Ligand code: F6R
């Protein structure tokens, strides 16, 4: 696992945006795995800026979402499809019909989850998957206790996650849906590259557990330890609990060109 400690959140975003931009420039038909929530927003803004300056195109790309709430009206602004259209897709040239998300409207949710995993495979897999981390260590909406081999399925959110996400529902925790469809940990593991971004002191504890704790379902983000090409990008605050912070800084500063991913 590569750990990049950026001096601040803006430079962390710059690193993430550079990875996504590099993927868009390098591949003929890139599949981007997008996260929602606050963590990737600064990187999305940098990508939008690059697009507006004429330096970046996503016209040849496909985007897939990690997760979606169950039970929200399809046009609800906090729904993840609406969120990612507003915050990224509608501001760049990625064709809207090339954005895919779990189908939470299906009568048979279980069958829809299986279809989503099949769709990811049919697309050829995800080239780069962006991730945030929950304060309880979740990635996508795989809460603690999620099987490390899990596939896309319905999950129930913890009280802590619903409280964290109440800010997207005018602070009303009771309005945050209890259920979601999320890519499973086994599904996420199949992406060719994972990039997790976390900023701010509230993420220091889950980041320390994910990066330096045991690989365990109790901290789903620790799954990144099992992936051959995973990068964790943090600012100084989110790096606050890392015992090997100096080593990660030294490693990244001295990274030879031939080692660049
Ligand atoms: C969002 C997602 C979640 C968030 C996580 C962190 O698609 O899958 O795992 O990444 O809850 O959320 P923020 O970034 O808002 O702190």
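No lab work stands behind these numbers, since they all come straight from the coordinates. Nothing here was measured: the structure is a model prediction, and the numbers come from that model. Here the Cβ positions follow ideal geometry from the backbone for every residue, glycine too, while neighbour counts run over all protein chains shown.
The length gained by stretching the chain between residue 201 and residue 49 to full extension, at 0.36 nm per residue less their Cα-Cα distance, is 52.0 nm. Taking label positions 7 Å along the Cα-Cβ direction at both residue 178 and residue 259, the computed distance is 4.9 nm, reported to one decimal.
If the segment from residue 250 to residue 119 were pulled out straight at 0.36 nm per residue, it would be longer than the present Cα-Cα gap by 43.1 nm.
Can you grab the distance from the C-alpha centre of segment 37-110 to the C-alpha centre of segment 184-244, Å, no decimals? That distance is 23 Å. Based on C-alpha pairs under 8 angstrom that are at least 6 apart in sequence, segment 126-261 has a relative contact order of 29 percent. Legend: calculated FRET efficiency, residue 59 to residue 243, from the Cβ-Cβ distance at R0 = 45 Å, rounded to 0.05, equals 0.55. The label-point distance for residue 29 and residue 159, in a model that sets each label 7 Å from Cα toward Cβ, rounds to 4.8 nm. Computed from Cα atoms alone, the Kirkwood hydrodynamic radius reported for the chain is 18.4 Å.
Most tightly packed first, judged by the mean number of other beta-carbon atoms within 10 Å of their residues, the peptides 222-232, 38-48 read 38-48, 222-232. Here the spin labels are modelled as points 7 Å beyond Cα on the Cα-Cβ line, and at residue 11 and residue 148 they lie 3.4 nm apart.
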